[in-house]
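Below: the structure, in C-alpha cells.
The values are calculated or read from the model by the stated rules, or taken from the named source; none is laboratory data. Since the structure is predicted, the reported quantities are computational estimates derived from the model, not experimental observations. Every residue, glycine among them, receives a Cβ derived from its backbone with ideal geometry; neighbour counts consider all protein chains shown. Ligands, DNA and RNA are stripped out before the accessible areas are found, and what is left, the full protein with its side chains, is counted by its heavy atoms. Shrake-Rupley method; radii C 1.70, N 1.55, O 1.52, S 1.80 Å.
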Amino acid sequence: SDTGLGMSPETLEHIFEPFFTTKGVGQGTGLGLSTVYGIVKQAGGEITVDSQLGKGTTFRVFLPVVEIAPNRSPADETVTPSPPPPEKEAITVLLVEDDPDVRALTRLMLLSRGYAVIPAENGRVALDMMSKMNGNVDIVLSDVVMPEMGGLEFGRVCRQLHPDLPFVYISGYPATEMEQLASVTPHFLAKPIEAEELDRKLRLALSRANS
C-alpha cells in the first residue's frame, strides 16, 4: 500500500497486461505486474488492487493455506519432483523472451521439470546462439512480440536452417495473434503461463516432431 499518485480507472484495466507501462522511454520498466500476476496465479492465489488518483494504491495478495497433518512439521513433508521429459535425461530448450522477469520465471519452471535451458532476449540473439551451438537444441519456446526480431520472424528464419525443430509460442496477446499463430503452429500458450500446461505443451510438440 502507498500514498502516491494513484491510478485512473483506465490504467487499472490494463496493469496486469504484459508490456503495459505508464513510464516513458528511459524511465524504468515499472513493477512487472504481469509477472506478479503469473506467480500469484501459479500458487493458486488471487491479487486485487484498489487505487484512486491522488490517494494512492493498495494491492492485496491472497495465497492458499497449506494444510499439514497433525503432529507433523513442514520438514517432514516429502516433495516428489516431477519426472524429466521422456526419451533423454535433459531436453534442451531455447527460451526466447525479452522480459527479464518472465524469462527468469519461465527458466525456473523449465529447470524444475528437468529441462536444460538456454535463455535469449530476442530472435537475433537466439539465432546467434543456435549458430554457436551448431543447432544442438531440441525445442524452442519463444515469445511472439519482441524487439529487433519477434518470435514469428525468428521461427521462419530458424526453420530454413532447422526445418524439423519444434516450436512452442507464448504471448500476452492471444486475442489479436491467435489467427496468425494458428497458421504457423498449433503449439501456443497465453501468458501468464502455468507450469503444468507448459510442460504438457512441450511434450506434445516434441512427440509430434519425433513421430
Which order do Y169, Y37 take when ranked by solvent-accessible area (1.4 Å probe, heavy atoms of all protein chains), largest first? Y37, Y169
Residues D164 and L12, FRET efficiency given R0 of 45 Å [Cβ-Cβ distance, rounded to 0.05]: 0.50
What are the ³J(HN,Hα) couplings of segment 9-15, residue after residue, when phi is run through the Karplus curve with 6.51, -1.76, 1.60 and θ = phi - 60°? Round to Hz, x for glycine and proline. x, 5, 5, 4, 5, 10, 5
In whole Hz, what ³J(HN,Hα) sequence does segment 99-110 give by Karplus (6.51, -1.76, 1.60; θ = phi - 60°), x for Gly and Pro? 7, x, 5, 5, 4, 5, 5, 5, 4, 5, 4, 5
Quick check: net charge around T57, other residues with Cβ under 9 Å of its Cβ, Lys/Arg +1 and Asp/Glu -1? -1
Heavy atoms of R60: accessible area, 1.4 Å probe, square angstrom to 10: 110
Mind grabbing the accessible area of H162 for me, 1.4 Å probe, Å², rounded to tens? 50
Once amide H atoms are placed 1.01 Å from N in the peptide plane, what residues at a sequence separation of 5 or more from Q52, or on another chain, have their amide H within under 5 Å of its amide H? M7
A209-N134 pseudo-label distance in nm [points 7 Å out on the Cα-to-Cβ vector]: 1.8
³J(HN,Hα), Karplus 6.51/-1.76/1.60, whole Hz, each residue of segment 48-61, x for Gly, Pro: 10, 9, 10, 8, 9, 4, x, 10, x, 9, 10, 9, 10, 10
Per 0.36 nm of contour for each residue apart, how much would the distance between T3 and E46 grow if the chain were fully extended, relative to their Cα-Cα spacing? 13.2 nm
